[in-house]
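What follows is calculated from the coordinates using simple rules that are stated; it is not laboratory data. Everything numeric here is computed off the predicted structure, so don't read it as measured data. Cβ coordinates were reconstructed from backbone atoms using ideal geometry, including for glycine residues, and neighbour counts include every protein chain displayed.
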Amino acid sequence: MSELTTAARPYAKAVFEMAQESGNLAGWSEQLAALAQVISTEDSAALLNNPRLSQDQKIQVLTEVLGSTVKDDGSNLLKVLGENNRFVLVPEISRLYEELKAQAEGAIEAELTSAMELTADQQNAIAAALQKRLGREVKLVAKVDPSLMAGAVVRAGDLVIDGSIQSRLNELKAALSR
């Protein structure tokens, strides 16, 4: 995963800078999301790994599938990625672009993983506490993971707050084994 991130980061930064200059952050979000969705399918994997097709043919097929969703600048990105055989990077480019966009807009996405479903009030309280701590708008994405037993884990950028019982039990186990 980190290799994909490393390879995708320059593309994401370049796209972000272009989008900022043109004032089209939302447009690029849509294009990258559509590209990532199409390239992530099994049919696309078969197409992109087909040695009988040239890179130009692969680009043409992808452009036709995406239709009007991808504008000229999105087609140019596809061409650059095709020339370097880097189509596999598109989902990671999209993810990194969204992070850069959120930073520019002063927002951060936080992932909340809890042992059970949380109410909207609980989620709002956690989002407000994170917003106060981070000084930025927080977009909370909630998931449920019963293996945590109880509690929750919050990930926002480099910040990880692990308040799960599972982590506490692991810490206790480590302490007892010393």
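Remarks
- Applying both filters, DSSP loop and at most 13 other Cβ atoms within 10 Å, to the GluC sites (Glu not before Pro) of region 107-178 gives 117.
- Simple rule: put +1 on each Lys or Arg Cβ and -1 on each Asp or Glu Cβ in region 1-154, find the dipole, and look at 84, 44, 2; the Cα lying farthest toward the positive end is 2.
- As a calculated quantity, the FRET efficiency between residue 18 and residue 160 at R0 = 41 Å, using C-beta atoms, amounts to about 0.80.
- Filter on 58/101; 139/173; 79/139; 71/101 - keep pairs with C-alpha separation over 27 Å: 58/101; 139/173; 79/139
- The Cα center of region 1-24 and the Cα center of region 101-178 differ in position by 27 Å.
- The C-alpha atoms of the chain define a longest principal axis, and helix 165-176 lies at about 70 degrees to it.
- Kirkwood radius, the chain, all distinct C-alpha pairs, inverse of mean reciprocal distance: 18.7 Å.
- Length-normalised contact order for the chain - Cα pairs under 8 Å, 6+ apart - percent: 21
- Per-residue ³J(HN,Hα) for region 104-118, Karplus 6.51 cos²θ - 1.76 cosθ + 1.60, θ = phi - 60°, Hz, x for Gly and Pro: 5, 8, x, 10, 9, 8, 10, 9, 10, 10, 10, 6, 9, 4, 9
- Rounded to 10°, Cα long-axis angle of helix 120-134 versus longest principal axis of the chain: 80
- Amide H to amide H distances under 5 Å link residue 110 with 139, 140, 141, where only residues 5 or more positions off or on other chains count and H is placed in the peptide plane.
- A Cα-only calculation for region 34-88 places Rg and Dmax at 10.1, 27 Å.
- Compared with the dominant principal axis of the Cα atoms in the chain, helix 72-83 is inclined by about 90°.
- Charge dipole of the chain about the Cα centre (unit charges at C-beta), most positive-ward option of 22, 140, 177: 177
- Set of aspartates and glutamates near residue 143 by C-alpha distance (under 20 Å), chain-local residues within fewer than 8 positions excluded: 98, 99, 109, 111, 117, 121, 158, 162
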